[in-house]
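Structure first, then comments.
Readers should treat all values here as calculations from the given coordinates under stated rules, not as data from a laboratory. Predicted model, so just to flag it, every value in this text is computed and none were measured.
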Amino acid sequence: MEDAKLSERIAYVKGRFVPETEANVSILDRGFLYGDSVYDASRTFGGQPWHLRAHIDRLYLSCRYARLDPGMSADEMESLTMELIERNRGVYVEGEEFRINHWVTRGGGISSAATHTHGAHTLVIFTLPMDYSRYAHGYREGVPSVVTGVRRIPPECIEPRAKVGNKMNHVQADFQAQEAGAWPIMLDMNGFVAEGSGYNCFFVRDGEILTPTDYNCLVGVTRTHVIDMAKELGIPVREMNLTRYDLLIADEAFHTGNSICILPVSSVDGTKMAHGAPGPVTKRLMDLWASQVGCDWAAKSLAAIEGC
């Protein structure tokens, strides 16, 4: 196991620490068969976990909603995660950033396993290196975004505040946006802005930050952190119903998420942001975050893909 630790990542799968190449889940697991699962993901700055407990707490809320049992307390989950991170220290170079992933599925061992399977739930924890290739240049010049025809599944069907494993709705929005070389912004069934395919959306108008309410979007840990930073900077924030009109007249915009942190938006449906990307409000938030974690994550991302 020690040799494996130095040569490949270690994962925690159903009660055991194993080399990633030996990590496996049954093809009859309900998470694989039906997407019957919940998950959460956190990240590191300077190689250290950031807001890990907040992500674990949200994971447990998702589990309660989905009627899943992780088989341990949140305190035990946090301790187990820290142990996994330490086991993987020999794989990542000093200061290298990585994602920390938690997955809980319904488990099951036969294809007709009952929905309320007891005592067979699957817990997997694993880490992955950050992949900046898709978005690093966006920190410098912003990313184009488009409003997709694919709508966010309404809360009457699936509660958006729960981070569930079935992401086909978001995948389809991603495909549609990629045809335009852009990042998707999804509306709800009433035509109001909901979220992106794995991130929250913010817009700035006349110095005020506007963002959708939590009725139809995931309440991201990063979203909450950005709102708290805005309050610290004295920037007003309003959660409200936003239409495509509000997006087109915005002065600036940005997406927020666990991996991307704050990603400036250069345009929406071809209309450029009036104050550029990153705009002045977006830049203030990015600078404050970098100072808080002692890591210029935007510059680090660019350096990683440009070989600086």
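General remarks:
- Tilt relative to the chain, helix 221-233 - C-alpha long axis, 0 to 90 degrees, to 10: 40 degrees
- 3J(HN,Hα) along the stretch 255-266, derived from phi through the Karplus expression 6.51 cos²θ - 1.76 cosθ + 1.60 where θ = phi - 60°, amounts to 9, 10, x, 4, 7, 7, 6, 10, 10, x, 10, 8 Hz, with x in place of Gly and Pro.
- Using alpha-carbon coordinates, inclination of helix 52-66 to the longest axis of the chain, degrees: 80 degrees
- Mean sequence separation of contacting Cα pairs (under 8 Å, at least six apart), scaled by the length of the stretch 116-195, corresponds to a relative contact order of 33 percent.
- In this structure, the amide hydrogen of GLY107, modeled 1.01 Å from its nitrogen in the peptide plane, lies closer than 5 angstrom to those of ARG30, GLY31, THR122, counting only residues at least 5 positions away or on a different chain.
- Taking only the Cα atoms of the chain, the radius of gyration and Dmax are 19.8, 57 Å.
- Most fluctuating residue given options LEU218, LEU80, LEU210, as computed from a GNM of the chain linking Cα atoms under 10 Å: LEU80
- Between 0 and 90 degrees, the angle of helix 74-87 with respect to the longest Cα principal axis of the chain falls at about 90 degrees.
- Within the chain, helix-based [θ] at 222 nm, where runs of 4 or more DSSP H residues each add -39,500 (n - 2.57), nearest 500: -9000 deg cm²/dmol
- Within the listed set ALA194, ALA290, ALA177, the Gaussian network model of the chain (springs between alpha-carbon atoms below 10 Å) gives the highest mean-square fluctuation for ALA290.
- In sequence order, the stretch 144-161 has phi-based couplings of x, 10, 9, 7, 8, x, 6, 8, 5, 4, x, x, 5, 9, 10, 5, x, 6 Hz under the Karplus curve 6.51 cos²θ - 1.76 cosθ + 1.60, θ = phi - 60°, and Gly or Pro positions carry x.
- Computed over the chain with a Gaussian network model linking Cα atoms closer than 10 Å, the most mobile of CYS201, CYS295, CYS217 is CYS295.
- The P(r) of the stretch 2-129 has a tail past 26 Å containing 22 percent of all C-alpha pairs.
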